[in-house]
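> My structure is below; once you've seen it, I'll send some questions.
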Amino acid sequence: MTFAFQMDSLEKRAVAAGGRWLSCLRRALYILAIAYSIRFTSFHGDWAEIARVDILNSMGLALVVFAAAALLEDGRRIRVVLLAAVAIAVVSPLVANLSWDWAPEVVREYLEPGFGRGHFPFFRARRMWALA
């Protein structure tokens, strides 16, 4: 919600589309930095633990993706974000059934449903069938 308020506030102050996007992208990267900072403070030599994806990482990724909406004006921005959210929900079962063997573990942690320890992927769906 605060992300949407930030976009609206920047638009009302007549900040250019690129400036709105950079501001929103900075906030998204700030959330990701907090997520990794928390892990570094409790680091005990296991580098795989640093790359684990939890809810803050997932929020950061979603904010990075949706920061592009700041490039649009108010009415179009709302429609595009709603359509993107529906598209993610529709595509999630398909993504869940793809083979992710090719992807590095950190990519799988962020995107593949059910992979790893965090269980907070960008695409959230259970595998329903196995694609050959």
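Coordinate-derived values only; no laboratory data. This is a predicted model, so every value here is computed, not measured. Note: ideal-geometry Cβ built from the backbone for every residue, glycine included; neighbour counts use all protein chains shown.
> If you put +1 on each Lys and Arg Cβ and -1 on each Asp and Glu Cβ, how big is the dipole of segment 2-111 around its Cα centre, in Debye rounded to 20?
The calculation lands at about 500 debye.
> If neighbour count is taken as other Cβ atoms inside 10 Å, put Tyr30, Tyr110 in order from fewest to most.
Result, fewest neighbours first: Tyr30, Tyr110.
> Using per-residue counts of other Cβ atoms within 10 Å, averaged over each peptide, order 33-44, 85-96 from highest down.
85-96, 33-44
> Which order do Glu105, Glu112, Glu11 fall in if you start with the one that has the fewest other Cβ atoms within 10 Å?
Ascending Cβ contact count within 10 Å gives the list Glu105, Glu11, Glu112.
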